[in-house]
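Here the structure comes first, spelled out in structure tokens, and everything after it is commentary.
The values are calculated or read from the model by the stated rules, or taken from the named source; none is laboratory data. Fair warning: this is a prediction, and the values are worked out from it, not measured in the lab. Please note: Cβ atoms are built from the backbone with ideal geometry, for glycine as well, and neighbour counts cover all protein chains shown.
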Amino acid sequence: MNGNALNLVNQTLVLPGALPLDGGQSLPRVEVAYETIGTLNADKSNVILLFHALTMDQHVVSTHPRTGKPGWWSKSVGPGKVIDTDRYYVICANVLGGCMGSTGPASLADDGKPWGMRFPVITIRDMVRAQVALLDAMGIAQLHAVIGGSMGGMQALSFAANWPQRTRAVLVIASTARHSAQNIAFHEVGRQAIMADPKWQDGDYPAGKGPDDGLAVARMAAHITYLSEAGLTEKFGRRLQDRVEKTFGFDADFQVESYLRHQGLSFTDRFDANSYLYITRAMDYFDLAEEHGGKLAEAFAGAKARFCLISFDTDWLYPTTESRIIAHALNAAGAPVSFVELSAPFGHDSFLLDVPAQDRVIAGFLNQ
Amino acid sequence: MNALRPDLAIIAANVAPGSRVLDIGCGDGALMAALRDDSGVDARGMELDPHGVAQCVARGLSVMQGDADTDLADYPDAAFDYAVLSQTLQTTKRPDLVMDELMRVGRKAFVSFPNFAHWKVRASLLWNGRMPVTRLLPIAWYETPNIHHVTVRDFRELVADKGYRVEGQWFLSGDKLANPALAAWRAEHAVFLLSR
């Protein structure tokens, strides 16, 4: 796929060696599907690595091949935009465990059958390790910046903690240094919904015949956590869906029900249920302090980069307190760090939506 | 540096080069940028207004969004050579507690504030019986962020009560330095340098 002004390229790289994993195993012939936007300069110093969130993928600006919709951050990435691809060469890779071209549970194992639940449990650091291997293969020694929101922010933090010399700046949006009990609880609801669907078959479902009902419920539950109560109330209130009265039945009487059902159903067209299990597990296992002797400041002991953290006042999934914890740890480690809580009505999803204050902070931070 | 507000220019001129500074209520980061660029200072900031934080970030400064009343507790003891509180003391809920925190996180502290005993303020109260609206206190009483007005004499008393040492003091009338002997009446603005 090629855009003109965008200089947009989508391709897949097979990593040259086996990828070691935190769980102790290693994965051979790992494929990493990635999108690049912009032009790499001669000394390879203008690279921004963008980490995507749980249910997104490498299609940052390109039209999504399954949904036909614009890329998930096409609002902010492009020529003359907040992340200006006239200046920067932006790379975004589908995470390890994903289902849009990078190796995941739907990929074929050595026996020619999909990995399914034989796929090893992976971590956020494993995802980052695969992307560092991609940078190695591309001959990129140091990045201008890493950027990530939500799970992407976890990857950005993991990158900064484990490969501190490889980026000059780290931008983390609406994220956390560890998954809370509440975060894990919501994910467990989603996983149980998938595994309770008879079509799941212990993960051995044929391609295209997966546990769509379970995956849809998982998506519905998760989607609620991405929005604020005020946002839901404003968007739907108690309004009824295409009817004037309640039906005294269990149809989607309310607009909010109809909306969630649509979100759940359309998600199954583009996402693999096993991938959802593995990626949510990786997020639940994420605890950056635990990886570094229990002290978050220790995780950043070698940090040389500039850091910027953004949270949103209506985000109850990864609330401001989580970003503050990270900022304090960075301060304690002596790293240059800025932190700002922005006001936006859209809950956790604010980072993907139109928040001009966020644009100002991102552009200001990147363009120094 | 010429563009700096006069009280900030005094602070900038009296910070030791190469030191570590925390600017509390740093606004758009003008002081921090001047300290960094002219004196090689490692400056960090705290600012309540997200717009101010964004301006600081765009200047390449390290700023935490936070509230002087509550968020200084997150910094370790003596983490900075100087803590700076410019034009902010009178906006805090508990200026005395903020002063304690200031002197805890900084070895020394600069504090600047508008003097509520300036003769124009006194005159407004005396002759008009009204809360003054002046150049430095431009907002009506019901919507002003300045909730704890303070005079030079009040401040000296608080400093003495707490046992802090005054290492320097500057008084401004307009943009010019005023005679310290007449500061109680003539200073619109006071800047103090304190140590423990």
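Residues checked against (1) at positive phi; (2) in contact (Cβ under 8 Å) with a residue 12 or more places away in the chain; (3) small (G, A, S):
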{"site": "A:A207", "(1), (2), (3)": "no, yes, yes"}
{"site": "A:D213", "(1), (2), (3)": "no, yes, no"}
{"site": "A:I224", "(1), (2), (3)": "no, yes, no"}
{"site": "A:S228", "(1), (2), (3)": "no, yes, yes"}
{"site": "A:G231", "(1), (2), (3)": "no, yes, yes"}
{"site": "A:F236", "(1), (2), (3)": "no, yes, no"}
{"site": "A:R239", "(1), (2), (3)": "no, yes, no"}
{"site": "A:K246", "(1), (2), (3)": "no, no, no"}
{"site": "A:F250", "(1), (2), (3)": "no, no, no"}
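Screening the stretch A:345-361 for residues that are within 12 Å of chain B (Cβ to nearest Cβ) and buried (at least 22 other Cβ atoms within 10 Å of the Cβ) and picking the one that is farthest from A:V47 (Cα to Cα) gives A:Q358. Within the stretch B:11-27, the set of residues being buried (at least 19 other Cβ atoms within 10 Å of the Cβ) and not in a strand (DSSP E or B) comprises B:I11, B:A12, B:V15, B:G25, B:C26, B:G27. Considered as a group, the residues in the stretch B:114-159 that are among the aromatic types (F, W, Y) and at pLDDT below 95 include one that is surrounded by the most Cβ atoms within 10 Å (Cβ to Cβ), and that residue is B:F116.
Suppose we filter the stretch B:45-65 for residues that are surrounded by fewer than 24 Cβ atoms within 10 Å (Cβ to Cβ) and touching a Leu at 6+ places or on another chain (Cβ under 8 Å); how many remain? Total satisfying the criteria: 1. Identify, please: which residue in the stretch A:324-344 is touching an Asp or Glu at 6+ places or on another chain (Cβ under 9 Å) and either hydroxyl-bearing (S, T, Y) or more than 11 Å from chain B (Cβ to nearest Cβ) (or both) and is, among those, nearest to A:S175 (Cα to Cα)? So, considering only residues that are touching an Asp or Glu at 6+ places or on another chain (Cβ under 9 Å) and either hydroxyl-bearing (S, T, Y) or more than 11 Å from chain B (Cβ to nearest Cβ) (or both), the one nearest to A:S175 (Cα to Cα) is A:S343. Of the numbered criteria (1) surrounded by fewer than 24 Cβ atoms within 10 Å (Cβ to Cβ); (2) over 23 Å from A:T233 (Cβ atoms); (3) within 12 Å of another protein chain (Cβ to nearest Cβ), the one A:G302 fails is (3). Output the number of the condition that A:R239 fails; it satisfies all remaining conditions of (1) at pLDDT 95 or above; (2) under 20 Å from A:A218 (Cα atoms). Unmet for A:R239, out of (1) at pLDDT 95 or above; (2) under 20 Å from A:A218 (Cα atoms): (2). Condition first: aliphatic (A, V, I, L, M), touching a residue at least 24 places away in the same chain (Cβ under 8 Å), closer than 30 Å to A:H262 by Cβ and part of a loop (DSSP other than H, G, I, E, B). Can you find one or more residues in the stretch A:150-173 that meet it? No - not one qualifying residue is present in the stretch A:150-173.
Having 3 or more residues that are more than 14 Å from the chain's Cα centre (by Cα) and within 14 Å of chain A (Cβ to nearest Cβ) is the bar; report the strands (runs of 3 or more DSSP E) wholly within the stretch B:32-111 that clear it.
B:42-47, B:62-65
When B:L193 is tested against (1) modelled with pLDDT of 95 or more; (2) surrounded by fewer than 18 Cβ atoms within 10 Å (Cβ to Cβ), exactly one condition is not met: (2). Scan the stretch A:204-216 and tell me whether some residue there is touching a Leu at 6+ places or on another chain (Cβ under 9 Å) and aromatic (F, W, Y). For the stretch A:204-216, residues touching a Leu at 6+ places or on another chain (Cβ under 9 Å) and aromatic (F, W, Y): absent. Report whether or not A:V77 is under 17 Å from the mean Cα position of the chain (by Cα), farther than 24 Å from A:D272 by Cα, buried (at least 21 other Cβ atoms within 10 Å of the Cβ) and not aromatic (F, W, Y). Spelling it out, A:V77 is indeed under 17 Å from the mean Cα position of the chain (by Cα), farther than 24 Å from A:D272 by Cα, buried (at least 21 other Cβ atoms within 10 Å of the Cβ) and not aromatic (F, W, Y).
Okay, residues lined up against (1) over 30 Å from A:A332 (Cα atoms); (2) in contact with a Pro (Cβ under 9 Å, 6 or more places away or on another chain):
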residue: A:L227; (1), (2): yes, no
residue: A:D251; (1), (2): yes, no
residue: A:E257; (1), (2): yes, no
residue: A:Q263; (1), (2): yes, no
residue: A:H292; (1), (2): no, no
residue: A:A303; (1), (2): no, yes
residue: A:C308; (1), (2): no, no
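Kindly evaluate A:A137 against the criterion of being aliphatic (A, V, I, L, M) and touching a strand residue (DSSP E or B) at 6+ places or on another chain (Cβ under 9 Å). So A:A137 fits the description; yes.
The rows are residues; the columns are (1) without any contact (Cβ under 8 Å) to a residue 24 or more places away in the chain; (2) in the same structural domain as A:V82 (by TED's automatic domain parsing); (3) acidic (D, E); (4) over 26 Å from A:A181 (Cα atoms).
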position: A:Y276; (1), (2), (3), (4): no, no, no, no
position: A:L296; (1), (2), (3), (4): no, yes, no, no
position: A:A301; (1), (2), (3), (4): no, yes, no, yes
position: A:R306; (1), (2), (3), (4): no, yes, no, yes
position: A:S323; (1), (2), (3), (4): no, yes, no, no
position: A:I326; (1), (2), (3), (4): no, yes, no, no
position: A:G334; (1), (2), (3), (4): yes, yes, no, yes
position: A:S338; (1), (2), (3), (4): no, yes, no, yes
position: A:G347; (1), (2), (3), (4): no, yes, no, no
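The requirement of being part of a loop (DSSP other than H, G, I, E, B), charged (D, E, K, R) and crowded, with 21+ Cβ neighbours inside 10 Å is not satisfied by A:D43.
For the stretch A:1-40, a residue qualifies if it is more than 30 Å from A:D111 (Cβ to Cβ) and touching a Lys or Arg at 6+ places or on another chain (Cβ under 9 Å), and exactly one does: A:G38.
So how many residues does the stretch A:100-129 have that are part of a loop (DSSP other than H, G, I, E, B) and over 20 Å from A:Y285 (Cα atoms)?
Result for the stretch A:100-129: 11.
Against the list (1) aliphatic (A, V, I, L, M); (2) at pLDDT 95 or above; (3) more than 20 Å from A:P164 (Cα to Cα), the condition A:V337 fails is (3). Looking at the stretch A:180-263, the helices (runs of 4 or more DSSP H) lying wholly inside it that each contain 1 or more residues that are surrounded by fewer than 14 Cβ atoms within 10 Å (Cβ to Cβ) sit at A:181-196, A:229-235.
When you look at A:T12, is it of a type outside the set (D, E, K, R), in contact with a Gly (Cβ under 6 Å, 6 or more places away or on another chain) and modelled with pLDDT of 95 or more, yes or no?
Yes, satisfied.
For the stretch A:306-323, a residue qualifies if it is at the interface with chain B (Cβ under 8 Å from one of its Cβ atoms) and either basic (K, R) or surrounded by fewer than 20 Cβ atoms within 10 Å (Cβ to Cβ) (or both), and exactly one does: A:R306.
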